[in-house]
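Colleague: Encoded as structure tokens, here's the structure I'll be asking about.
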Amino acid sequence: LYELDEVLAYSATRLFQIAGVQGCTLFRWDPADDALQPWERYPTHPSENGKSEHRTIPLDELPTARLVLETGKPHQVQVSSPRADSFEVSKIRQAGFKSLLLLPLATTHQIIGLARLEHLDSERQFYPHQVQFLSDLADQIARRIVDTRHLQGLKTELQETDSTGAALAEELNTALEKLADQLRRAGNASAALIYRLDSSNEDVAIIQATS
């Protein structure tokens with residue numbers, strides 16, 4: 001079972017390599033905060049030309065990101081485009097980017113975040129077939145993230161159950177020891193045994209002994 005951090009690191013690296021970009025950041029979408037929370041970035045330290053921050057990004061700063069999350073469709077942003085939002089462009093320039101490709105991290109039932117493919121020193125234009133291929137890859141990553149989080153949740157529940165079971169077994173063992181000792185003292189005997197009767201096969205087993 002891979003840890004979530006391992007899945008995120010591998011996914012960001014593979015997107016970076018396959019897309020041939022200069023940076024890739026995976027974000028978790030937090031609708032309650034109306035913001036993108038950074039999950040993973042590759043490379044960890046961007047080139048000296050960039051000023052990328054590993055920080056929470058309010059969606060008000062990236063209207064295109066909001067559009068991607070709400071529609072589930074990828075979008076490209078280039079700082080020289082006359083159609084680009086001026087405030088958004090200023091934020092992109094401030095981060096040191098020249099162009100971005102934003103891909104939804106989507107499963108069949110939900111959009112869990114966004115992948116941001118970054119170019120720092122030139123404006124990269126992706127062709128439609130490239131965008132579709134990378135979008136499909138982002139969907140695969142989203143499914144892997146969801147599956148990993150689900151399995152980690154089950155693992156945690158099992159660990160908690162095992163811990164609770166061990167604690168209960170210890171309490172039961174202590175209680176049986178006290179009961180056996182009380183029986184021995186009450187009967188003024190040298191030893192006391194507590195038996196368990198299995199009604200299904202009429203077997204008898206000693207579950208506690210004291211002397």
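For (1) at pLDDT 85 or above; (2) of a type in the set (A, V, I, L, M), each residue gets a yes or a no:
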site: P82; (1), (2): yes, no
site: S86; (1), (2): yes, no
site: Q94; (1), (2): yes, no
site: A106; (1), (2): yes, yes
site: D121; (1), (2): no, no
site: V131; (1), (2): yes, yes
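Colleague: Tell me whether segment 73-92 contains one or more residues that are under 20 Å from T148 (Cβ atoms), surrounded by 15 or more Cβ atoms within 10 Å (Cβ to Cβ) and either of a type in the set (G, A, S) or within 17 Å of the chain's Cα centre (by Cα) (or both). It would help to see each step written out before you state the result.
Modeller: Filtering segment 73-92 down to residues under 20 Å from T148 (Cβ atoms) leaves none.
No, segment 73-92 has no match at all.
Colleague: A follow-up question, please. Quick one: how many residues across segment 101-155 are over 17 Å from W39 (Cα atoms), in contact with a Ser or Thr (Cβ under 6 Å, 6 or more places away or on another chain) and of a type outside the set (A, V, I, L, M)?
Modeller: Counting residues in segment 101-155 that are over 17 Å from W39 (Cα atoms), in contact with a Ser or Thr (Cβ under 6 Å, 6 or more places away or on another chain) and of a type outside the set (A, V, I, L, M) gives 3.
Colleague: I'd like the full set of residues that are farther than 23 Å from Q152 by Cα and touching a residue at least 40 places away in the same chain (Cβ under 8 Å), limited to segment 17-42.
Modeller: I18, A19, V21, Q22, G23, C24
The values are calculated or read from the model by the stated rules, or taken from the named source; none is laboratory data. Quick caveat, the model's predicted, so the values are computed rather than measured. Heads up, the Cβs are rebuilt from the backbone with ideal geometry, glycines too, and the neighbour counts pull from every protein chain shown.
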